[in-house]
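Novice: This structure is in structure tokens; I'll ask about it shortly.
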Amino acid sequence: MTDPWLSARVLVRRPAFTLDVEFTAEHGEVVAVIGPNGAGKSTLLGVLAGLLVPDGGEIRLGDRVVTAPGLHVPPHRRGVGLLAQQAMLFPHLTALANVAFGPRAHGVPRAAAEARARELLAAVDAADLAHRRPARMSGGQQQRVALARALAPRPELLLLDEPLAALDVDAAPAMRSLLRRLVRAERQTALLVTHDALDALVLADRVVVLTDGRIVEQGPTREVLARPRSAFTARIAGLDLVPGVALADGLRTADGTTVAGRLDGVAVGEPAVAVFPPAAVSVFAQEPKGSPRNVFPVRLAAIEPRGDVVRLRASAVPGGPGWVDGLAADVTPAAVADLGLEPGMVLWFAVKAAETAVYPAR
Amino acid sequence: MTTDRPAPRVRRSDDHARGVALPGLLWVPAAAAFALIALPVVGLVLRADWARLPDLLLSESALTALRLSLETAAISTVLCILLGGPLAAVLARGRKRWLRWIRPLVLLPLVLPPVVGGLALLFLLGRMGLLGRVLDTWFGITVPFTTAAVVLAQTFVALPFLVVSLEGALRTAGDRYEAVAATLGASPWLAFRRVTVPLVLPGLASGTVLAFARCMGEFGATIAFAGSLEGVTRTLPLLVYLERETDTDAAIALSLLIVVVAVLVIAIARPRGADGLR
């Protein structure tokens, strides 16, 4: 087995927080890093870029060690590019000069640097902006120029720190397809921090889930998002997740409730999660009698319109199971009107056992 | 693409704006403050002997003093930029802990009476002074009561003006652009030249104007450290002070000249770069 192209072990200790992760990436691979706010994603990118010095660990890019105890290669000699949420184009330079900045810094003669900049501006559909300053561009235009600028010095590793988060809904899809074309299709090794399952699915080969400074799960994007093992990943993937221990026909939660489901690769007694889509949840104003086996009382916490469905977000009722907190149910707008739904109401969520998958938590 | 329209530019003079009203009461002290600045100049203008003005201003001593003032102020301002610029950068970006003890000391010339500053310079660089003795015995150099002393005195009093406004500009700009430059492969020195300096150019410009104006008006430190020798150390403010005793009309004429130079400095060199950058 050959060594992976990028290997990183990073330890950062802060008074209220410890980042302790270890991961790898192959050359040409895009790895998405997802996790809740404060999980340590930006700290991790800062360490990889060389802008932060970790308390321990080692980072290797290809055959170069860039971070090790007593060794810190400064950011400008790492060949690690960065595209952040804000475009951060140099305000005193035109788009062309912004993109040519990297090659110029590497000693490329002006004419050649500008030729490369023009080529990249054309690639990000911004050729007509070449002589504009950032103040006269829209947010979407700035971010496309910033992508061209980040790619211009041909970074060995590109860090993408929520590159779509600050864009409005009209500009984000164009930027997403640009990233797919110029990063993923070009086999540019990259690390993508995102909050969005769609970004991860479209752009990343693999996903690393970071929570409280630790990696809680990782794997091929599709697998991780289809079979989440942590509450955060389930939420990103738009699925409901209940943790517990596997039974013969379902799962027992920490407070002793039973959730019926079909077992998938998990042995009885093992830590497991029960996962079902919000669309599989039926909602009742009174406790239903009859068929569904999984029925639990919830308090309606929030009503979120999502396209042609309405997502109901649950919280726990006093005396009821605590794990319902955060569960989602998708219903039609008509159902919201029929049930007279209002936040604070007590409802009953019902899920068919056939819709519930139970698989190992690790 | 239809969604990519340029961001709307900020409207400058806005006659439609009816935001939060300014309390009417503020106009009274504001007017008094402006009067305090403007009326003395009006007084000078009214009191001036306009018939003799050309003769008074074109006199040998006035022209000599004007030339000396402009030359020394220009050299001092350049020194302020060359020394104060790096000092501001170190104060704003340096990570050493002891730097925060240095910062208040930089303001010293701003709060010290200039005469005291001049005396301090004299005790340092005078023939019996700490450094002056060395310069005198080893190199035969005497600083006090020379044009170099004028330049030193002006630089001493004007430095804080440049350092403070430039440090403020550096802090406001932050170091995020430099971080981006580094990820693009720019060494710290390249990032400083091509990113930091252009970004704080408006702050540097206004600091330079302030420093130049302070140099032109410098009196106390100069007279204490450089004396008042015609053609060597007698700058315009010193000449005004001298003429005040013997020829009031001449003093007023020279004062008007200083006012004109000051207004010109503000009008010509007023920083405009700030508009283009955001």
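Bear in mind these aren't lab numbers, they're just calculated from the coordinates by the rules spelled out. As the structure is a computational prediction, the values presented were derived from the model and not from experiment. Cβ coordinates were reconstructed from backbone atoms using ideal geometry, including for glycine residues, and neighbour counts include every protein chain displayed.
Novice: Just to confirm my numbers, what's the Cα centroid distance between region B:129-166 and region A:294-317 in Å?
Specialist: Result: 76 Å between the Cα centres.
Novice: Then there is this: Quickly estimate the mean residue ellipticity at 222 nm for chain A, helices only: each DSSP H run with n ≥ 4 gives -39500 (n - 2.57), and the total goes over all residues, rounded to 500.
Specialist: -6500 deg cm²/dmol
Novice: ³J(HN,Hα) across region B:34-41 via Karplus (A = 6.51, B = -1.76, C = 1.60, θ = phi - 60°), whole Hz, x for Gly/Pro?
Specialist: Per residue, the Karplus-derived 3J(HN,Hα) values read 5, 4, 4, 7, 8, 4, x, 5 Hz.
Novice: Oh, and also: Taking neighbour counts of Cβ atoms within 10 Å as a proxy for exposure, in what order, fewest first, do B:SER206, A:SER7, B:SER165 appear?
Specialist: A:SER7, B:SER206, B:SER165
Novice: Multiply the residue separation of B:ALA21 and B:LEU58 by 0.36 nm, subtract the distance between their alpha-carbon atoms, and state the gained length in nm to one decimal.
Specialist: Fully extending the segment from B:ALA21 to B:LEU58 adds 8.2 nm.
Novice: Can you check how the C-alpha radius of gyration of the protein assembly as shown compares to 2.2 N^0.38 Å, as a plain ratio?
Specialist: This ratio for the protein assembly as shown stands at 1.36.
Novice: At 7 Å along the Cα-to-beta-carbon direction for both A:GLU223 and B:PHE139, put a label point, then send me their distance in nm to one decimal.
Specialist: It works out to 7.4 nm between the two label points.
Novice: Sticking with this one: Write out the chymotrypsin sites (Phe, Trp or Tyr not before Pro) in region B:28-124 meeting two conditions: DSSP loop, and at most 14 other Cβ atoms within 10 Å of their Cβ.
Specialist: When the chymotrypsin sites (Phe, Trp or Tyr not before Pro) of region B:28-124 are filtered for loop state and at most 14 Cβ neighbours within 10 Å, B:TRP50, B:TRP98 remain.
Novice: With +1 assigned to the C-beta of every Lys and Arg and -1 to the C-beta of every Asp and Glu, and no other charges, what is the dipole magnitude of region A:239-360 about the Cα centre in debye, to the nearest 20?
Specialist: Around 140 debye, computed over region A:239-360.
Novice: Give the calculated FRET efficiency between A:VAL346 and B:THR172 to the nearest 0.05, with a Förster radius of 56 Å applied to their Cβ-Cβ distance.
Specialist: The pair A:VAL346/B:THR172 has a calculated efficiency of 0.60.
Novice: Still on this model: Mind sorting A:THR233, B:THR172 by how few other Cβ atoms lie within 10 Å of their own Cβ, fewest first?
Specialist: Going from sparsest to densest Cβ surroundings: B:THR172, A:THR233.
Novice: Pick from A:VAL216, A:VAL310, A:VAL31: which residue has the top mean-square fluctuation in a GNM of chain A where Cα pairs under 10 Å get a spring?
Specialist: Largest GNM mean-square fluctuation: A:VAL310.
Novice: What is the distance in Å between the Cα centroid of region B:208-270 and that of region A:1-62?
Specialist: 62
Novice: When averaged across all projection directions, what area in nm² does the alpha-carbon convex hull of chain A cover?
Specialist: 22.0
Novice: If you consider only alpha-carbon coordinates, what radius of gyration and Dmax does region A:197-300 have, in Å?
Specialist: 15.4, 46
Novice: Can you work out ³J(HN,Hα) from phi for every residue in region A:183-196, in order, using Karplus 6.51 cos²θ - 1.76 cosθ + 1.60 and θ = phi - 60°, giving whole Hz and x for Gly and Pro?
Specialist: For region A:183-196, the Karplus-derived couplings read 9, 6, 5, 7, 6, 7, 4, 8, 10, 10, 8, 8, 10, 10 Hz, x marking Gly and Pro.
Novice: Still on this structure, I have one more. Sticking with the crude label model, points 7 Å out along Cα→Cβ, report the distance from B:ILE268 to A:ALA354 in nm, one decimal please.
Specialist: In this crude spin-label approximation the distance works out to 9.0 nm.
Novice: So what J values fall out for region B:218-231 if you push phi through Karplus, 6.51 cos²θ - 1.76 cosθ + 1.60 with θ = phi - 60°, rounded to Hz, Gly and Pro as x?
Specialist: Working through the residues one at a time gives 4, 10, x, 5, 5, 5, 6, 9, 10, x, 9, 9, 4, x Hz.
Novice: Could you list the trypsin sites (Lys or Arg not before Pro) in region A:249-345 that lie in coil according to DSSP, counting only those with at most 13 other Cβ atoms within 10 Å of their Cβ?
Specialist: Within region A:249-345, the qualifying trypsin sites (Lys or Arg not before Pro) (loop, at most 13 other Cβ atoms within 10 Å) are A:LYS289.
Novice: Of the GluC sites (Glu not before Pro) in region A:178-282, which ones lie in a loop per DSSP and count no more than 16 other C-beta atoms within 10 Å?
Specialist: A:GLU186
Novice: Right, another one. Based only on other Cβ atoms within 10 Å, what is the fewest-to-most ordering of A:ILE303, B:ILE258?
Specialist: Listing A:ILE303, B:ILE258 from fewest to most nearby Cβ atoms yields A:ILE303, B:ILE258.
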